[in-house]
Every structure is written in structure tokens, then in C-alpha cells.
Amino acid sequence: MKAAQQSKNIIVLQVTILLAAVIFTYLNVFNAGFISWDDADYVANNPDIRSFANAGKWFSSFYIGNYHPLTMVSYAIDFMIGNTAPAQYHITNIILHVANALMLYAFVNNIQGNRWVAFFVAMLFAIHPVQTESVSWVAERKNVLSGFFFIGAMWLYARYLGEEKKTTLLLVILAGIAAMLSKATAVALPVSLLAIDIWLHRPLNQKKVWIEKLPLLLIALVVGIVAIKAQAAGEFLNQHPEHGFVQTIGFAGYAYVQYIIQLLVPVKLSVLYPYPELDALQWVYTLIAIGIAALAVVAYKRQWFVLCGGIVFYTVNIALVLQFVQFGDVLRADRYMYIACIGVWIPVVQYAFDWLGLKVKEITPLVVMTVVVAVFAVLTYQRNNIWQSEKQFWQAITETFPNSAVAQSSLGGVYMKEGDYITAEQYIDKAVVLDANNYKAWYNKGVLHLRKGELSQAAQALDKCIALKEYPKALFSRALLHQQAGHPLQAMQDVEKVLAEEPHNARAHFIMGNCLEQNGNFETAIASYNKAIEYGDGDPLFYIRRGVARMNLHDNQAAIHDFSLVIEKNATNGEAWYWRGMAKQLAGQMPCHDLNKARNLGYKEAEQALVKFCNSY
């Protein structure tokens, strides 16, 4: 009884320390906001998460080149609880990360039988600096949510191997499906389970070992195909066609080893790791990667099961993001290590305890690992500062990789939002020099010229962007230019392309309505305004322009209703008072009160109307 109580006390102590460590390292994230890089598209500006009536869209749509319906479900739950308050989404990410660390602790303790090994594996997983991208970035909800089901499936599988109950194996499959529907990279799970077989010394020559994983393998194949289609739909595939087969192998080998190095020595971490120049060092890394893969075979033959299982687990989970199938603009990202790092930490901690405990003293591995964990915790706390603001986020990347056109352009965009156009122009121009084919940099340049009133330069920059890629935001901005210049037909051509990509873009429907109205197509304009109102956020201009279009069709009562809706929400909207007065005049009602109200609110057009209809000066 005394031993059992002591064991229970150790578990309580370890879990308490683990929880406290995660809360400390992520304490400054609770006050962080959204980052414009994907957070807006997933949460802040995403109407799909605002109602569970949209559940069908989550399971039938791609979001920013990804298929992860369960992740969209989690965002919808957060929206239901906290609307668009960033803290709610950060809290959920951190809760999921804590749950993942606790499940990993239980899993490692199950397969290794050493609570201190399990504790430090879970601790390194929980507080290592590379994990900040997955936990602190709202858009990476897919990582921590998929990780929850992925690690849960691992824990269930270890239980299944101990009891061999079919119901437990069914739970493994269900957890695996949930992991894949949260993030497609979880297709690595079926092969990852082989690493658990190795860790538990299970013979791999048994048919049962492979048959058990067949359902998950088949599901993974389907999800993998859907994921590739999602990437293709988002135009994220083949971003670097200039890289041939040999270069691809070189980059993959370099990334494979560099990920491990930055786990062990977490310096110069970045959200973006641009493609490096292939030189002798990269090819040395590739040879090392081949050597590590060969070591797994040797380790299995020599029954070094902890090492072999670790290599298999790491390799399977990192292989999918080594750019063999090229996607995105960068070679590496810290978030890709969220699950893969487990394959490194289990052998590192186990061998640290075995070697230091035997060669020095039993207490030595506890002291050494505690120091390492403490250092990593401080580094993680510091690294989380980059999520405090948009400017800190992009500044951190430009400081680490000053030749990143993406980072330079994005930081310029931040300064542009702040109204510091001089600094913004310096960063955006540098981005264009670094990469003349970076369409987003040209888009930012176009928007900057727009804000400065340099319409000709804005048109040239937007034309350059669209020539590189028909970017919806650039098409929308150019449409605004065409509309303001009195060229509605040209504006409509651009807006049609925007709506083909973003059918729920309320602003695009509004501009389409404006253009149709300019051409005298009032009925069709009203249809566009209806869609703008349906998909929009209640912008009063949507109702005002629909009301004006209705006036042109002599539907004055419906027009009065539109203007009244605006006034009910904001009684200081002079334009709404003016147009309601004009609609009342056309409907044979008294307009003077409304027109006088509009004049008092500073709406100048109301003055002439008062003179004309009310004999008022």
C-alpha cells in the first residue's frame, strides 16, 4: 500500500509540474491577438464558422488549401463561446496542447514503464520552442487538434496490444479518422503504429501486425488524395518547378537533418524557412539522413528497439513535409515537428537515463533533464513574444531571414496598416527586389499606391500582380480602380473572377451591384446587393445602395424600409436620413423631418433638397 501511494504521489507531482510548466511558457499568449496570416481567413473574416447550419460546408469545402472539417467544427464551437475574441481561440489551443502532453505521458509510461522517462518526454514535447508555432498560432488549430486524436490513437493502440480487444482497435481507427479529418498529415498514423510495435518488441513478420492497420491505411489513402486536391485547388502545389529531382532529394535530406538539429539546439527558429542555396553542406546532410535511415535497419537487427522505433516514427511523420511533393513557398516550418518530435524525444530521454544513470549516478539524468527543460521553457516563453503583435511576428522573421521576400512584404503591409507609408514602402520595395515574381508583394505595392492616392502607379502594380497570379484581393482592388474611373464593365470583369473564387465575398457582390447600377441594371443590382447583405457583416452601405436601386425602380416603400433599417442601427447616419427623405418625397409622404435631420448631421446634399421640397434654408 505504501509503494502504491508513493507511486500515486509521483504521478500527481509530475502532472502538476507539467501543467504548471505549460501555463508558464504560454502565459503571454493568453493576451495575444490574431495574426493576419491565415487567422483572418479561418476565424475573423470567416462567416462559415458563425453557425452550425454551415456544417455541410465544413465537410464539403477546402479552406486555404486544406481539408480539415473537424478543425472547422472546433472554430465554430469557439465562436459560439467567445465570438471573435482571440483569447478564446488561444485558450482552446493551449488546452488541447496540455491534453496532448498528458496523453503522451500516459502513452510513454505504458510502453516504457518508467514514469520519469515518460515525464521528461512529455515535458520536452510540451515546452520546446518549436511547438510555439503550433500552439500560439490560431490558424494552426489543426495541428493541436489532430495531435489530440493522433496521440490518443497511439495510447489506445498500446492498450490494444496489451488486451487485444476488438473494441479498442475500433477506437484506434475512429481516433485515426478524427486525426485525419483535423489535419491530413495524420495519414502517417497507420505506419506510425509500426513504431509502437517496434518499441514493444512485437515481431513484424506476423500477418496480424499488418492486417490490423489495413483499414487505417485505406482511409489514409482516400484522405491523402483529398488533401492533394485541396492543395491543388488552393494553388499551393508545384510552387518551385525549377527544382528538379536531384535538387528535391538534396533539399529533403537537408530538411530531415536540420529538423533534428533544431530540436536539440533550438536557435534561429523562424515561422518561415526559405529554400537555401544547395551547397556541399546540404549534400552532407543528405548523406547523414541516408545514414540515419540505414541505422534504423541495423538497430532493428541488433534489437535496439527504442532507437529503431524512434527513427521510424520520426521519419514517417516528417517525410510527408520534406517537399517531395512541393507545396507552399518555404522548405521547412516548425509546425511540421509537432508530432514528429516524439520520435526523437523517446530515444533521447530513454538513452539519457540509461547511460547517465549507469555511468554516473541515478540522480544525474533527473538533474540534467531538469536543466534542459528549464532552458527550453525560458526560450519558449521568450519566443511566444512574437505572437503579441503583427509587427513583432514579421520583424522576428525578417531579422532571422532578411532575404525573405514574403516576410519583407508582410512587414511592409503592417506598417501600411499603421499609416507609416514611408517605412512600408521601404520593406515592400525590398520584397519586390528580392523576388520580382512575388505576386503578394506587388499587391501590397498596389494597395500602398492606392492609399497614397497614386492611382496610375497603383494600377501598374496591380496589373503586375494579376499577371503573375489572378489573386482575388488584387482583382478586387483593381475593380475598385475601374469603378472609380467610370469603367464599370472592366470592373465587373474583375469582380466576376473574384466571385468565381470567393462566392461568399460580400464586398465583391456589393461592387458588382454598384457597377450594375451604374449601367442602369437596377433589378440585377438589387440581386447583388441581396447577396452582399446575406454574406456581409451588416454594412449600412449595402442597405443604402439597395434602397437607392429600389427607388430607381419606383419601389419606394421597400427603399424606405432599407433606409429605416440603417437608421435604427445608427441614428447618426446622415446619408440614410437623406435618402429616406428623398424616398418619402417620391412616395408622396412628408420628407422634411428626415432631410432636416440629414442636414444637421452634416450631409450637404440635404441642403438643396430642403430648399426644393420644404422651402427651408
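The values are calculated or read from the model by the stated rules, or taken from the named source; none is laboratory data. Quantities reported herein were computed from a predicted structural model and do not represent experimental measurements. Neighbour counts run over all protein chains shown; Cβ positions are idealised from the backbone, glycine included.
Taking the stretch 224-269 as the range and being modelled with pLDDT of 85 or more and part of a loop (DSSP other than H, G, I, E, B) as the test, the residues that pass are VAL265, PRO266, VAL267, LYS268, LEU269. Residues in the stretch 562-613 that are among the hydroxyl-bearing types (Ser, Thr, Tyr) and crowded, with 18+ Cβ neighbours inside 10 Å: TYR578, TYR603.
Conditions tested, residue by residue: (1) farther than 25 Å from PRO86 by Cβ; (2) touching a residue at least 60 places away in the same chain (Cβ under 8 Å); (3) in a helix (DSSP H, G or I); (4) touching a His at 6+ places or on another chain (Cβ under 9 Å).
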{"residue": "GLN350", "(1), (2), (3), (4)": "yes, yes, yes, no"}
{"residue": "LEU356", "(1), (2), (3), (4)": "yes, no, yes, no"}
{"residue": "GLU362", "(1), (2), (3), (4)": "yes, no, no, no"}
{"residue": "LEU366", "(1), (2), (3), (4)": "yes, yes, yes, no"}
{"residue": "VAL372", "(1), (2), (3), (4)": "yes, yes, yes, no"}
{"residue": "LYS391", "(1), (2), (3), (4)": "no, no, yes, no"}
{"residue": "PRO402", "(1), (2), (3), (4)": "yes, no, no, no"}
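Just to be sure, is ASN505 of a type outside the set (A, V, I, L, M, F, W, C) and farther than 27 Å from ALA232 by Cβ? Here the answer is no, as ASN505 does not meet what is asked.
Of the residues examined, ALA458 is not one that is within 13 Å of SER410 (Cβ to Cβ), buried (at least 22 other Cβ atoms within 10 Å of the Cβ) and among the small types (Gly, Ala, Ser). Restricting the stretch 344-387 to residues that are over 38 Å from the mean Cα position of the chain (by Cα) and buried (at least 16 other Cβ atoms within 10 Å of the Cβ) leaves a set whose member that is modelled with the lowest pLDDT is LEU356.
Highlighted here are the helices (runs of 4 or more DSSP H) found entirely within the stretch 525-617 that include at least 3 residues which are within 28 Å of VAL498 (Cβ to Cβ) and modelled with pLDDT of 90 or more: 540-552, 556-569, 574-586. In the stretch 30-44, the count of residues that are out of contact with any strand residue (DSSP E or B) (no Cβ under 6 Å at 6 or more places or on another chain), loosely packed, with under 14 Cβ neighbours inside 10 Å and under 26 Å from ALA178 (Cα atoms) is one or more.
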